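Single-structure report; data block below.
The values are calculated or read from the model by the stated rules, or taken from the named source; none is laboratory data. Bear in mind that the values here come from a model prediction, so they are computed numbers and not experimental data. Ideal geometry is used to build each Cβ from the backbone, glycine not excepted, and the neighbour counts take in all protein chains shown. Please note that ligands, DNA and RNA were not included when accessible areas were found on the heavy atoms of the full protein model with its side chains. Shrake-Rupley method; radii C 1.70, N 1.55, O 1.52, S 1.80 Å.
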Amino acid sequence: MPTNYSYLLRDNIQNLVPYTSARETYTAKEGIFLDANESPYGPYNRYPDPMQFALKKRLAELKKCGVDQIFIGNGSDEVIDTVIRLFCEPNRDKALTFTPTYGMYKVSTQINGVELIEQPLNPQFQIDVKNLLPYLDDADLKLIFLCSPNNPTANTIDKKTIEIILNRFQGIVLIDEAYIDFSDKASWLTLLNQYPRLIISQTLSKAWAMAGLRLGIAYASPELIGYFNLIKSPYNVSSVNQQKALEQLTKIDRIDRQVAELIAERKRVEIALRNLPSILKIYPSETNFLLIEVSDAFSIYHQLIDRNIIVRNRTNEITNCLRISIGTPQENTQLINAFNTLDYV
Ligand SMILES: *Cc1c(COP(=O)(O)O)cnc(C)c1O
């Protein structure tokens, strides 16, 4: 039975009459197209498929879900923004996330005039369930952002905790799985049918090596995806991006090999750095980066730049921590060599 989401949606969204584009009104491929005020000339003259059908069909094959369970956005940023605009009434409703985490939840809720409750993760970077439970009963809390594996802490959130949230909370739960391909834990994708208010966001930017194409994906029930489609910009993914992504998604063996190599390299870098005096701790990682606690993040960050290596200083989120992406084997060896030449402070 389809779930009724109307109690969750913003009023203006429930009453919305969407824009209908020319390419939706007439979908056949053949004909003399004089319906969209396009130029008749050149390779890029036509508007793209507004529903990205070919790309969704390929994703549906790969992820073993329905085409109608997929929304494709201009990066995950569009997925995050769309979810907020569907469910959170500005200046009234709230969203919640667990910090430290990905910065876009905060920025996007702020832009939309929605309060974001930030609950600190515990020292193991897990959710403190007992302190969370009272929030779940707040009728104005509409949305929970849960990043797993989490950026920048590099770990996944316990399955049991997520189950408690999914079962107790009556609002929408967005699980951001940008790094799931680097984890040995299962994606929540297979449980989508069990949880009607669950949205899973993944991206082609990390393991799939297409950050330049800006393609973020939401997986959810067909009804929820219908609401995404209702409010999205008509042509939100360019035809060039759709085509290039489709080309890349035929090379799955190569992507699998690259992911396996990145995971092996993550292990190698971790072992090589583990006993250096400037490194106090390397957190276990289920991502393509390492979170490293150092003696002095500021000094080491700048010493690495002097050696032509740029990492991310996360000391404002987690004291004296650097976040280091895993590169090619050659790049990683240069990173290890650079660490071996640092002046310790
Ligand atoms: C990198 C990252 C993304 C990807 O964002 P895109 O806009 O799809 O490139 C999403 N979520 C998290 C937590 C990330 O770290």
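Residues considered: 212, 171. Of these, the only one that is out of contact with any Phe, Trp or Tyr (no Cβ under 8 Å at 6 or more places or on another chain) and either outside the structural domain of residue 330 (by TED's automatic domain parsing) or within 16 Å of the ligand (Cβ to nearest atom) (or both) is 212. From the list 130, 106, the one residue that fits, being part of a helix (DSSP H, G or I), within 16 Å of the ligand (Cβ to nearest atom) and surrounded by fewer than 19 Cβ atoms within 10 Å (Cβ to Cβ), is 106.
Among the residues in segment 140-155, are any within 12 Å of the ligand (Cβ to nearest atom) and in contact with a Lys or Arg (Cβ under 7 Å, 6 or more places away or on another chain)? Yes - at least one qualifying residue is present in segment 140-155.
The sole residue among 158, 176 that is away from the ligand (no atom under 11 Å from the Cβ) and either in contact (Cβ under 8 Å) with a residue 60 or more places away in the chain or of a type outside the set (Lys, Arg) (or both) is 158. Applying the criterion of being open to solvent by 10 Å² or more (accessible area, probe 1.4 Å) and either more than 12 Å from the ligand (Cβ to nearest atom) or not assigned by TED's automatic domain parsing to the domain that holds residue 81 (or both) to the residues of segment 195-209, the residue that is farthest from residue 87 (Cα to Cα) is 195. Looking for something away from the ligand (no atom under 16 Å from the Cβ) and either open to solvent by 50 Å² or more (accessible area, probe 1.4 Å) or part of a loop (DSSP other than H, G, I, E, B) (or both) - is there at least one such residue anywhere in segment 69-77? Checked against the condition, which is being away from the ligand (no atom under 16 Å from the Cβ) and either open to solvent by 50 Å² or more (accessible area, probe 1.4 Å) or part of a loop (DSSP other than H, G, I, E, B) (or both), segment 69-77 yields no hits at all. When residue 256 is evaluated against the numbered criteria (1) crowded, with 16+ Cβ neighbours inside 10 Å; (2) more than 16 Å from the ligand (Cβ to nearest atom); (3) charged (D, E, K, R), which criterion, by number, is the only one it fails? Going through the list (1) crowded, with 16+ Cβ neighbours inside 10 Å; (2) more than 16 Å from the ligand (Cβ to nearest atom); (3) charged (D, E, K, R), residue 256 breaks only (1). For segment 44-93, the set of residues classified as under 18 Å from the mean Cα position of the chain (by Cα), within 18 Å of residue 24 (Cα to Cα) and either outside the structural domain of residue 242 (by TED's automatic domain parsing) or not aliphatic (A, V, I, L, M) (or both) consists of 56, 71, 73, listed by residue number.
Scanning segment 94-103 for residues that are crowded, with 17+ Cβ neighbours inside 10 Å and free of Cβ contacts under 8 Å to residues at least 60 places away in the same chain yields 94, 95, 96, 97, 98, 101. Just one of the listed residues (267, 244, 251) is open to solvent by 70 Å² or more (accessible area, probe 1.4 Å) and within 16 Å of the ligand (Cβ to nearest atom), and it is 244.
Of all the criteria given as (1) under 17 Å from residue 165 (Cβ atoms); (2) within 16 Å of the ligand (Cβ to nearest atom), the one not satisfied by residue 100 is (1).
The requirement of being β-branched (Val, Ile, Thr) and crowded, with 16+ Cβ neighbours inside 10 Å is not satisfied by residue 111. Note on segment 245-345: enclosed helices (runs of 4 or more DSSP H) holding 3 or more residues that are basic (Lys, Arg) and at pLDDT 95 or above are 252-274. The set of residues in segment 296-345 that are of a type in the set (Gly, Ala, Ser) and either closer than 23 Å to residue 182 by Cα or open to solvent by 40 Å² or more (accessible area, probe 1.4 Å) (or both) comprises 325, 327.
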